[in-house]
1. For the protein assembly as shown, give the share of DSSP beta bridges that are antiparallel, in percent and rounded to the nearest 5; count only bridges with both residues there.
2. Would you mind computing, in nm to one decimal, how far apart the modelled labels at A:Leu284 and B:Glu292 are, each placed 7 Å from Cα along Cα→Cβ?
3. Rounded, prolate or oblate: pick one for the stretch B:262-319, where a ≥ b ≥ c are the square roots of the eigenvalues of its C-alpha gyration tensor, a/c under 1.5 means rounded, and failing that, prolate if a/b is larger than b/c, else oblate.
4. I need the semi-axes of the equivalent ellipsoid of the stretch B:29-159: take the C-alpha gyration tensor, multiply each eigenvalue by 5, square-root it, list largest first in whole angstrom.
5. State, as an integer percentage, the relative contact order of chain A based on alpha-carbon contacts under 8 Å between residues 6 or more apart.
6. Taking only Cα atoms, what is the 0 to 90° angle, nearest 10, from helix A:90-109's long axis to the longest principal axis of chain A?
7. In whole angstrom, note down how far apart the Cα centers of the stretch B:108-143 and the stretch A:84-140 are.
8. Can you tell me how much longer the chain between B:Ala63 and B:Asn248 gets when fully stretched, taken as 0.36 nm per residue apart minus their C-alpha distance, in nm with one decimal?
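The values are calculated or read from the model by the stated rules, or taken from the named source; none is laboratory data. Values in this document were obtained by computation on a predicted structure and should not be read as measured data. Counting neighbours? That spans all protein chains shown, and the Cβs are built from the backbone with ideal geometry, glycine included. Calculation scope for accessible area: heavy atoms of the full protein, side chains included, ligands and nucleic acids excluded. Shrake-Rupley method; radii C 1.70, N 1.55, O 1.52, S 1.80 Å.
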Amino acid sequence: MGGIDPILLLASLMVASTPILLAALGELVVERAGVLNLGVEGMMITGAVCGFAATVLTGSPWLGFVAAALAGGVMALIFGVLTQYLLSNQVATGLALTLFGLGLSALIGQSYAGITIDRPPSLNLPLLRDIPWLGPIVFRHDVILYLSLAMVVAIWWFLTRSRGGLILRAVGENHDAAHALGYPVIAIRMAAITFGGAMAGTGGAYISIMRLRQWTEGMTSGAGWIALAIVVFASWRSGRVLLGAYLFGGVTVLQLNLQGAGFRIPAVLLSASPYLITIIVLVLMSLSRNARNATPGNLGATFHASN
Amino acid sequence: MKRRSFLAGTAAAATAAAAGLPARAQADKIKAGFIYVGPITDMGYNYQHNVGREDAMAHFGDALETVYVENVPEGPDCERILTQLALDGCDIIFATSFGFMDPTINVAAKFPDVKFEHATGFKTADNVAIYNARFYEGRAVIGHLAGKLTKSNQIGYIVPVPIPEVIMGINAAFIAARKANPDVQFKIIWIYDWHNPQKEADAAKALVEQGCDVLMQHTDSNAPITLAEELGIHAFGQAADMSAYGPNACVTSIVDNWGPYYIERIGMMFDGSWATSDQWLGMPEGVIVVPEINANIDPELRAEADAIRDSIINREYHPFTGPLNKQDGTEFVAAGEVADDGTLLNMMFYVEGIDAELPS
């Protein structure tokens with residue numbers, strides 16, 4: 001392909017997809033527990049600003065990521081308290097959380113605009129990094145990217161192979177039955193919500209600390225909404241979330257490369273292609289009967305023990 | 001420019017007198033409102049409009065009160081905010097983005113006593129003036145620098161949306177770059193967003209991976225400059241002086257300097273001479289500024305760029321001087337002539353030599 005280096009393209013794809021992958025994995029666990037949190041974008045951007053601020057203040061990007069996970073978790077806790085204890089509507093509360101996060105991050109970020117930090121070092125994997133083809137594509141990234149891939153496997157294992165995952169899914173499928181069996185529905189959901197927030201915060205910080213090394217208002221530019229959509233189209237499975245996130249990130253990077261290389265495809269079409277292709281592929285995959293029944297039974301439903 | 005505003009002012013005064021209305025008295029206090037399409041912390045387009053507001057405040061002191069609203073979406077919501085500013089007692093309101101055009105005209109019709117100023121648009125009214133900057137003049141200077149600096153003869157160009165202002169910039173830069181280096185070619189990526197740091201960074205990376213060693217942008221974030229600094233290549237700042245993000249990479253920037261215009265127009269509010277006008281200002285008026293070129297650039301090249309800059313400031317050179325052909329080979333500016341403003345403002349074509357297709 002004229003001027004496009006497939007090795008560099010595939011390596012860029014992995015980096016570009018990681019923020020969405022992290023956020024989507026978090027939301028996957030939340031939704032499997034029966035909670036719909038539309039505040040992903042708000043938690044991401046709060047994570048982005050808090051992570052960046054912590055990196056500037058402490059000089060350590062890793063402390064930055066910890067701060068981002070905490071900030072995302074705290075935002076999620078607000079959502080959790082409102083929806084689980086005060087029984088507010090999840091859709092409205094989630095949307096409010098996004099608006100709140102966008103505003104709060106702009107406020108926190110005021111004194112951090114215009115600062116650039118150094119790029120955190122990549123993980124040095126001797127031998128592996130020198131494998132032809134595979135080395136430059138897969139083995140020259142940073143530790144957070146590998147963490148996101150490890151989380152895909154960990155979440156798959158937890159949800160499908162562990163007792164804890166079975167309980168979490170029971171809570172999401174039928175909270176009354178789970179409650180009758182003696183499981184603490186609210187506590188499990190609060191844990192899932194907090195985990196989702198921490199993952200979204202980490203994803204946001206990946207944008208501000210790793211990718212752009214700066215803070216700009218509104219810098220997540222809709223990544224949280226993409227993550228939400230990918231969870232649904234991936235029929236709530238972690239492997240498909242990985243596929244969806246990499247597909248979206250991949251087509252995004254590819255379309256920019258095609259434009260640069262001068263391919264005579266209308267730029268408008270190329271710009272829309274990440275959305276179109278991701279939706280088409282994931283919809284086709286979710287046409288099977290198994291996938292159609294994948295929606296957690298009590299997704300978005302309010303639970304009260306007296307019901 | 002002065003004469004035109006004077007004539008317009010006289011005409012307005014004459015109309016007022018003929019209608020039997022009292023001439024507007026001189027004002028002691030003026031309240032000016034500003035709306036920005038993005039955050040003032042974008043360190044680019046909106047930041048510079050806000051710097052212009054601060055310049056006006058410093059100039060007029062306590063006599064001038066200003067308010068501003070940032071992150072105003074282009075569309076119906078903008079009308080609500082403009083109305084609010086008018087109701088809050090603003091005497092003059094600056095709407096600083098193209099997409100505020102129709103809302104500004106609509107709200108201006110409801111508040112005939114409030115003056116409106118709309119940036120980069122083309123619709124005026126008795127109480128709506130428009131102003132714009134000749135961004136392309138700066139492009140001619142950086143185009144020359146880019147043409148000389150590239151070793152791979154590939155210049156990457158990140159652009160937001162295909163409108164005349166942006167296409168004019170690509171063409172002006174390309175004409176200058178080709179003059180400096182006949183082998184140069186542009187790789188152009190449209191991101192369909194004015195400010196999207198992630199996409200801009202991805203586009204910059206794609207361009208560099210495809211062999212570009214100099215980057216230009218018409219989008220507003222500093223993400224491409226930050227990347228250029230890291231990769232050790234050259235880039236140019238957009239709207240604001242972005243050298244802080246790339247002390248080595250940033251050759252120079254095209255800086256929007258709205259202060260002089262805002263001071264002039266608000267000054268007219270104080271002495272009652274404000275009248276609608278249509279001004280397209282550039283480097284001669286100091287509204288477009290190309291700051292000093294990075295000291296790490298060869299002094300000879302710096303002198304060449306300074307000479308081009310000065311010749312534009314002195315109105316000796318026009319970036320669109322013929323003979324110039326469109327991409328399809330037809331001539332649009334004859335030898336020895338310069339493109340008129342109408343041609344520039346409707347420019348929806350690439351010039352000859354650009355190897356890319358213009359999105360429609």
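1. Details: 8 of 47 bridges.
Here the antiparallel bridges make up roughly 15 percent for the protein assembly as shown.
2. About 5.9 nm, to one decimal.
3. On the way: a/c = 4.90, a/b = 2.56, b/c = 1.91.
Note, shape of the stretch B:262-319 comes out prolate.
4. 33, 17, 13
5. That works out to 36 percent.
6. 50 degrees
7. So the two Cα centres are separated by 38 Å.
8. Values: separation 185, 0.36 × 185 = 66.60 nm, distance 4.23 nm.
Gain in length upon complete extension: 62.4 nm.
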